[in-house]
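Engineer: Right, I'll just put the structure down here and ask away after.
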Amino acid sequence: MASTNTPSAAGSSRPNTWTAELNLRYRRNNRDGSDATVATHSHSGPIRVLKSLYPEGPAVCHNVMIHPPGGLVGGDEVVINVAVQDNAHALISTPGATRYYLSDELLAAQRIRIQLGEHARLEWLPLETIAYSGCRGENQWQATLAPSAQVIGWDVIGLGLPHANQPFVAGSLLQQLVISNIWREAADLHANDKLLMNGQLGLNGYRTMGTMWWAQGSALTASQRERCLQACREALSAWSTDTPCAITSPNDNMVVVRALAPTVEPIMQRFQSLWPVFRRIAWNMDAPKPRIWGV
């Protein structure tokens with residue numbers, strides 16, 4: 001696939017950088033009696049979705065996002081815009097990790113913008129993000145929710161490649177998670193920040209961090225939040241204490257799980273096991289495991 005000469009997010013015109021944009025729109029189609037969530041999409045550059053899948057029936061549309069280059073280097077930018085219209089329900093996953101490779105001085109960025117209409121539901125369930133030593137990356141996820149909209153999602157970041165003996169000893173990654181008017185978090189991760197990387201108030205020597213959330217545009221009931229907190233605590237009690245994991249309700253609109261681990265696998269396993277818990281309490285729905293997770 002040919003590269004582009006489009007200026008990067010960092011303002012450089014260096015050739016051989018990738019720029020890619022994917023626009024996904026979901027709507028609830030009641031015209032033909034199918035009551036289906038229908039996806040339409042457009043793209044530029046090397047990013048797209050595979051065909052829509054309906055393993056749960058027509059109401060929930062599953063999509064898998066594909067980024068053929070397999071990662072980002074300095075100057076690359078990936079933009080993903082998702083709009084879920086009133087009453088539609090979408091589940092989005094990926095077949096592999098998002099990778100930030102060794103960069104020069106240019107920034108590599110992935111920017112995700114999500115808009116949810118009334119009674120819309122989105123499940124944002126990608127595989128992990130891996131920051132290679134020497135990268136300079138920015139990973140933004142931002143959503144705007146109508147009062148009755150809900151989102152279940154997660155974000156897992158691995159620093160370096162422990163299994164390959166390639167530790168994260170240089171570079172940086174800025175992670176931003178935002179739900180407008182509800183929640184804002186940022187982690188500015190620098191390999192040379194020893195206090196952050198190794199301190200007890202930072203990553204405490206772990207090199208993978210994960211955040212999982214269930215959020216609504218308006219306040220959840222106290223009963224909903226308490227049921228979710230209790231159910232997740234029970235589920236997590238079965239796991240080894242070697243991997244710190246905790247669940248909180250930072251505000252009335254959401255429940256958040258946070259986890260640390262030496263590698264990606266324990267956190268992904270925990271989050272995938274918690275996903276059915278969130279789904280059952282939020283929507284009284286079963287949670288058939290997306291086939292892409294087993295590939």
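The values are calculated or read from the model by the stated rules, or taken from the named source; none is laboratory data. Here the structure is a predicted model, which is why all the values come from computation and not from measurement. All Cβ positions, glycine included, derive from the backbone under ideal geometry; neighbour counts span all protein chains shown.
Engineer: Can you say whether residue 192 is in contact (Cβ under 8 Å) with a residue 40 or more places away in the chain, surrounded by fewer than 17 Cβ atoms within 10 Å (Cβ to Cβ) and within 24 Å of residue 160 (Cβ to Cβ), as far as the supplied structure shows?
Structural biologist: Criteria not met by residue 192.
Engineer: Cβ-Cβ under 6 Å, sequence separation 6+ or interchain: first residue in the stretch 124-140 and at pLDDT 95 or above, partner of a type in the set (D, E, K, R). Which pairs?
Structural biologist: 130/99; 140/111
Engineer: Looking at the stretch 195-207, which of its residues are surrounded by 14 or more Cβ atoms within 10 Å (Cβ to Cβ) and either among the polar types (S, T, N, Q) or touching a residue at least 40 places away in the same chain (Cβ under 8 Å) (or both)? Working first, answer last.
Structural biologist: Filtering the stretch 195-207 down to residues surrounded by 14 or more Cβ atoms within 10 Å (Cβ to Cβ) leaves 196-197, 202-203, 206-207.
203, 206, 207 - these are the residues of the stretch 195-207 that are surrounded by 14 or more Cβ atoms within 10 Å (Cβ to Cβ) and either among the polar types (S, T, N, Q) or touching a residue at least 40 places away in the same chain (Cβ under 8 Å) (or both).
Engineer: Please determine whether any residue of the stretch 175-183 is among the aromatic types (Phe, Trp, Tyr), surrounded by fewer than 20 Cβ atoms within 10 Å (Cβ to Cβ) and either touching a Ser or Thr at 6+ places or on another chain (Cβ under 6 Å) or assigned to a strand (DSSP E or B) (or both). Steps first, answer last, please.
Structural biologist: Here is the first cut: in the stretch 175-183, the ones among the aromatic types (Phe, Trp, Tyr) are 183.
Now restrict to residues that are surrounded by fewer than 20 Cβ atoms within 10 Å (Cβ to Cβ): 183.
Okay, now just the ones that are also either touching a Ser or Thr at 6+ places or on another chain (Cβ under 6 Å) or assigned to a strand (DSSP E or B) (or both), so 183.
The answer is yes; a qualifying residue exists.
Engineer: Among the numbered criteria (1) touching a residue at least 60 places away in the same chain (Cβ under 8 Å); (2) touching a helix residue (DSSP H, G or I) at 6+ places or on another chain (Cβ under 9 Å); (3) not in a strand (DSSP E or B), which single criterion is violated by residue 214?
Structural biologist: So the condition that residue 214 fails would be (3).
Residues checked against (1) over 25 Å from residue 149 (Cβ atoms); (2) within 19 Å of the chain's Cα centre (by Cα):
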position: 222; (1), (2): no, no
position: 226; (1), (2): no, no
position: 230; (1), (2): no, no
position: 242; (1), (2): yes, no
position: 248; (1), (2): no, yes
position: 252; (1), (2): no, no
position: 269; (1), (2): yes, yes
position: 277; (1), (2): no, yes
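Residue-by-condition table, conditions (1) part of a loop (DSSP other than H, G, I, E, B); (2) closer than 21 Å to residue 136 by Cα; (3) small (Gly, Ala, Ser); (4) modelled with pLDDT of 95 or more:
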| position | (1), (2), (3), (4) |
| --- | --- |
| 2 | yes, no, yes, no |
| 7 | yes, yes, no, no |
| 13 | yes, yes, yes, no |
| 22 | no, no, no, yes |
| 25 | no, no, no, yes |
| 31 | yes, no, no, no |
| 34 | yes, no, yes, no |
| 37 | no, no, no, yes |
| 46 | yes, yes, no, no |
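Engineer: So, in the stretch 195-204, exactly how many residues are outside any loop (DSSP other than H, G, I, E, B), closer than 14 Å to residue 159 by Cα and not polar (S, T, N, Q)?
Structural biologist: Here is the first cut: in the stretch 195-204, the residues outside any loop (DSSP other than H, G, I, E, B) are 195-198.
Applying the additional criterion that residues be closer than 14 Å to residue 159 by Cα yields 196-198.
Going one step further and asking which of them are not polar (S, T, N, Q), we end up with 196-197.
Count: 2.
Engineer: Please go through the stretch 212-241 and give me each residue that is farther than 17 Å from residue 282 by Cβ and either among the polar types (S, T, N, Q) or surrounded by 16 or more Cβ atoms within 10 Å (Cβ to Cβ) (or both), ordered by number. Spell out the reasoning first.
Structural biologist: Taking the stretch 212-241 and keeping what is farther than 17 Å from residue 282 by Cβ, we get 236-241.
Those that are farther than 17 Å from residue 282 by Cβ and either among the polar types (S, T, N, Q) or surrounded by 16 or more Cβ atoms within 10 Å (Cβ to Cβ) (or both): 236, 237, 240, 241.
Engineer: For the stretch 97-143, what are the residues that are part of a loop (DSSP other than H, G, I, E, B) and in contact with a helix residue (DSSP H, G or I) (Cβ under 9 Å, 6 or more places away or on another chain)? Can you show your working first?
Structural biologist: Step one: filter the stretch 97-143 for residues part of a loop (DSSP other than H, G, I, E, B), giving 97, 101-107, 117-120, 126-128, 132-134.
Residues satisfying the conditions are 97, 127, 128.
Engineer: All but one of (1) buried (at least 18 other Cβ atoms within 10 Å of the Cβ); (2) in contact with a Pro (Cβ under 9 Å, 6 or more places away or on another chain) hold for residue 118; state the number of the condition that does not hold.
Structural biologist: (1)
Engineer: Look at the stretch 251-264 and say how many of its residues are under 23 Å from residue 200 (Cβ atoms) and in a strand (DSSP E or B).
Structural biologist: To start, the set of residues in the stretch 251-264 that are under 23 Å from residue 200 (Cβ atoms) comprises 256-264.
From what's left, in a strand (DSSP E or B): 256-261.
Looking only at that region, the number is 6.
Engineer: Give me the pairs: first residue in the stretch 79-105 and on the phi > 0 side of the Ramachandran plot, second residue of a type outside the set (A, V, I, L, M, F, W, C) and modelled with pLDDT of 95 or more, beta-carbon distance under 7 Å, and six or more apart or on different chains, which are they?
Structural biologist: 87/119
Rundown of residues vs (1) assigned to a helix (DSSP H, G or I); (2) touching a helix residue (DSSP H, G or I) at 6+ places or on another chain (Cβ under 6 Å), yes/no style:
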{"position": "206", "(1), (2)": "no, no"}
{"position": "218", "(1), (2)": "no, no"}
{"position": "226", "(1), (2)": "yes, no"}
{"position": "229", "(1), (2)": "yes, no"}
{"position": "242", "(1), (2)": "no, no"}
{"position": "249", "(1), (2)": "no, yes"}
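Engineer: Tally up the residues in the stretch 68-93 that are surrounded by fewer than 18 Cβ atoms within 10 Å (Cβ to Cβ) and either touching a helix residue (DSSP H, G or I) at 6+ places or on another chain (Cβ under 9 Å) or aliphatic (A, V, I, L, M) (or both), please.
Structural biologist: Residues that pass the stated criteria total 1.
Engineer: Does the stretch 135-173 hold any residues that are surrounded by fewer than 17 Cβ atoms within 10 Å (Cβ to Cβ), farther than 30 Å from residue 85 by Cα and in contact with a strand residue (DSSP E or B) (Cβ under 9 Å, 6 or more places away or on another chain), and which are they?
Structural biologist: 162, 167, 170
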